[in-house]
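Structure first, then comments.
All of the numbers you see were taken from the coordinates with simple rules; none came from a lab. Remember, predicted model here, so these are calculated numbers, not experimental data. In this analysis, Cβ positions are derived from the backbone assuming ideal geometry, glycine residues included, and neighbour counts consider all displayed protein chains.
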Amino acid sequence: MDGSDAEVVKRQLGRGDITFFRVIRRCSYGWPMVIECFPEKDGKPFPTLYWLTCPHLRKEVSRLEEKGWIKRFEARVQEDVIFRERLIKAHEEIKQRRERLIRDESLRRILSEVGSGGIRDLTKIKCLHLHLADYLAGVDNPVGEEIWMMIGRKECDGGRICEELGVDRYER
């Protein structure tokens, strides 16, 4: 990830302590939507491989969480065997993708025990943001897929939210 992408992501998230190294998906206006993170930070596990950075999508997903969709998805996972199996496979795919980036064997063992975002019980939903990020990164995540379908507007108008962050797209 180049310096200007790093600055955009820092401003999108309002923090700079994420261990990202590349943009995995951009909106149609060229701004980062999802980043891929290193699975370790300062020698410690960092289990979130994909991070949703788009301010518009983060806000939309937060609205779904406020409306109780985490509990609704957890109930669906318990009731729908096919949905549950797809979710578990999504976690397994994240583990495989994450493992390719790990250099330290002890971190590899620790992270092999958790799914996306550090989830131990692969039938539980930690947050909807990470499931959407996984889906947008190309993982067959059924929770992320349904979230994506629930969001009406997939992008803000003309990339204006990221424009307002003060990073000129032409500097990137």
Problem - Relative contact order, percent, the chain [alpha-carbon distance under 8 Å, six or more residues apart] - result: 26
Practice task
Please list, in chain and number order, the residues 5+ apart from F38 or on another chain whose amide H is under 5 Å from its amide H, with Hs placed from the backbone.
Solution key: T19, F20, F21
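In the chain, which helices (entire DSSP H runs) extend 24 Å or more along their own long axis, judged by Cα positions, while averaging at least 1.0 on the Kyte-Doolittle scale?
Long hydrophobic helices here: none detected.
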Problem - Difference of contour (0.36 nm per residue) and Cα-Cα distance, F38 to R153 - result: 38.4 nm
Problem - Net charge dipole size for the chain [Lys, Arg +1 and Asp, Glu -1 on Cβ; Debye, nearest 20] - result: 180
Completion exercise
Checking segment 89-172 for GluC sites (Glu not before Pro) in a loop per DSSP with at most 11 other beta-carbon atoms within 10 Å yields E113, E164
Exercise for the section: Under a 10 Å cutoff between Cα atoms, tell me which one of C162, C27, C37 has the largest fluctuation in the Gaussian network model of the chain. Expected result: C27
Fill in the blank from the handout: Taking 0.36 nm per residue of separation between E74 and K124 and subtracting their Cα-Cα distance, the length gained on full extension comes to 17.4 nm
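Using the alpha carbons of segment 3-171, what is the convex hull volume per residue in cubic angstrom, as a whole number?
Spelled out: Cα convex hull of segment 3-171, divided by residues, is 110 Å³.
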Problem - Of K41/K124; K71/K154; K67/K89; K41/K67; K41/K154, those spanning more than 29 Å from alpha-carbon to alpha-carbon - result: K41/K67; K41/K154
Completion exercise
Listed by chain and number, the aspartates and glutamates with an alpha carbon less than 17 angstrom from that of K95, same-chain partners under 8 positions apart left out, are E36, E40, E85, D104, E105, E113, D121, D134, D140
